[in-house]
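Take a look at the structure set out below.
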Amino acid sequence: MQSAFTGNKEDNKTILKEYVEINGAEQGIIVESLNQNKPLLLFLHGGPGFPAYPINKAHGVSLEQYFDVCYWDQRGTGMSYDAETAKKGVTVEQLIEDTIEVTNHLRNKYVRDKVFLLGHSWGSYLGSLAAQKRPDLFYAYIGIGQIGSQLESEKEAYQYILKTARDRKDKRAVKQIENVAFDENFYKNRAYGAIRTKFTEKYGGGFKREGYSNLERLKHVFSCANYTFNERINSFKGAVLGWQSLGHVMAAADLAELVPELPLPVFILQGQHDYQTTYTQAKRFYDSIEAPFKKMYTFENSAHTPFMEEQALFYQIIENDILPVVKEEIDFI
C-alpha cells in the first residue's frame, strides 16, 4: 500500500491520495478533509467506469464542507486501472465486494462505525446492491441519477429526443434519430449511443442541462492536478472497459425489482430533466422501495448532475435533511 499527500492545505484542507490492495487488486482513492472529524462519505462514480473526482473538482463540488469525502476509482479505471483487469474485465460481484472492502478500509483507517454511501448513475446501481448486502456499514443511502429500469429509461430518452426534434421542426435531427435502431440491445449499438448522447446533450437532458461536451470532459480530466498523466488517460480507457464489461448489466438493470427494501434511510436526488437515468424511473425506484425513512427531491433546473447544477439546493438538503436524520448515531456532527 502506498499513500501520499497531494494538493495543498489551504483553509486547513487535506487531500490524501492512497493506493490500497482491495480484493487482490491495487485501487486508488482520494480522501478530502477539512480535518474537523466529520462523518465519512463514500462517493460511487458512474460510467460504468468513469471516475467522478476530476469532473467534480472542475465544477467546484465541495462535499468536504459536510463530510470527509472518499472518491474511489472503481476497479479498472483511473487510479485503479491495470493491464490484468483490462484483459479479464470486471463483474458486478467484484465491484460489490470491492465497495464493501473500501468501506471497511475507511472505517478502520478513520475509526468510524459507518459511512454515508452516495451513488451517482451507475454508482446508484452499485450502491443500492452494496447497501442491500451490508446495510450495517452505512448510515444512509443517497442516490443521484438513480437507476430504475435502464431499458425503460432508454425508451423514454429516445422518445424525448425524437419528440423534441419534431417539435423544433429540426428535420435533419429527426432523420438522424429515426435512422438508428432502438431495441433491448441498445447498449451494443454505437450508432444509437452516439445519437442519443448527441441529442440529449443538445436538448438539455444529458449530463448537464446546459450540455457537456466531450472536449470539456477531456479538458477537466487532463487538468486534474491530483491525477498522474497515465491516470488521466486511464480514466478514458476504464470507461471503455466498464461499458464492455457491464453494458449488458446496465441494459437489463431493474433496481425496483432487485432491491425492494433497504433497512436504512434512503434519499433520492433527481434532476427533472435527466434523460440518462430518467426522473420517471428514479421515482419508480423510490416509490417501490421499503425503508425506515425515505425522501425524494426534485431538482427542477437540473439534468443528470444536480450536485453540480444546483449546488446551493444540494448542500441545503445535506445540511437540513440528510445529516439530521442520523444525527443521534453520529456523536461528532
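The values are calculated or read from the model by the stated rules, or taken from the named source; none is laboratory data. Note that this is a predicted model, so its numbers are computed, not measured. All Cβ positions, glycine included, derive from the backbone under ideal geometry; neighbour counts span all protein chains shown. Keep in mind that these areas ignore ligands, DNA and RNA; they rest on the heavy atoms of the full protein, side chains included. Shrake-Rupley method; radii C 1.70, N 1.55, O 1.52, S 1.80 Å.
Of the helices (runs of 4 or more DSSP H) that lie entirely inside region 214-333, those containing 2 or more residues that are within 25 Å of Ser153 (Cβ to Cβ) and not hydrophobic (A, V, I, L, M, F, W, C) span 214-222, 229-252, 279-288, 306-309.
Kindly indicate whether Tyr315 is in contact (Cβ under 8 Å) with a residue 40 or more places away in the chain and aromatic (Phe, Trp, Tyr). Against the criterion (in contact (Cβ under 8 Å) with a residue 40 or more places away in the chain and aromatic (Phe, Trp, Tyr)), Tyr315 qualifies. Residues of region 155-180 that are open to solvent by less than 60 Å² (accessible area, probe 1.4 Å) and farther than 23 Å from Thr280 by Cα: Asp170, Ala173, Val174, Gln176, Val180. Considered as a group, the residues in region 27-68 that are assigned to a loop (DSSP other than H, G, I, E, B) and among the small types (Gly, Ala, Ser) include one that is nearest to Ser121 (Cα to Cα), and that residue is Gly46. If you go through region 92-130 and keep only what is aliphatic (A, V, I, L, M) and free of Cβ contacts under 8 Å to residues at least 24 places away in the same chain, you end up with just Val111. Within region 84-117, the set of residues being among the hydrophobic types (A, V, I, L, M, F, W, C), over 16 Å from Ile22 (Cα atoms) and out of contact with any helix residue (DSSP H, G or I) (no Cβ under 7 Å at 6 or more places or on another chain) comprises Val111, Phe116. Scanning region 69-90 for residues that are in a helix (DSSP H, G or I) and of a type outside the set (A, V, I, L, M) turns up Gly78, Ser80, Glu84, Thr85, Lys87, Lys88.
Of all residues in region 133-166, exactly one satisfies the criterion of being polar (S, T, N, Q) and part of a loop (DSSP other than H, G, I, E, B), namely Gln146. Put simply, of Gly127, Gly76, Gly89 the only residue that is more than 20 Å from Val326 (Cβ to Cβ), surrounded by 24 or more Cβ atoms within 10 Å (Cβ to Cβ) and either modelled with pLDDT under 95 or not aromatic (Phe, Trp, Tyr) (or both) is Gly76. Kindly establish whether Lys169 is of a type in the set (D, E, K, R) and either on the phi < 0 side of the Ramachandran plot or touching a residue at least 40 places away in the same chain (Cβ under 8 Å) (or both). Judged against the criteria, Lys169 is not a match. Picking from residues in region 61-102 that are β-branched (Val, Ile, Thr) and touching a strand residue (DSSP E or B) at 6+ places or on another chain (Cβ under 6 Å), the one that is farthest from Asn37 (Cα to Cα) is Val102.
Selection over region 131-148 of residues that are crowded, with 20+ Cβ neighbours inside 10 Å and in contact (Cβ under 8 Å) with a residue 60 or more places away in the chain gives a count of 12. Within region 216-229, identify whether any single residue is open to solvent by 10 Å² or more (accessible area, probe 1.4 Å), in contact with a Ser or Thr (Cβ under 8 Å, 6 or more places away or on another chain) and more than 24 Å from Thr85 (Cβ to Cβ), and answer yes or no. Yes, because at least one residue in region 216-229 is open to solvent by 10 Å² or more (accessible area, probe 1.4 Å), in contact with a Ser or Thr (Cβ under 8 Å, 6 or more places away or on another chain) and more than 24 Å from Thr85 (Cβ to Cβ).
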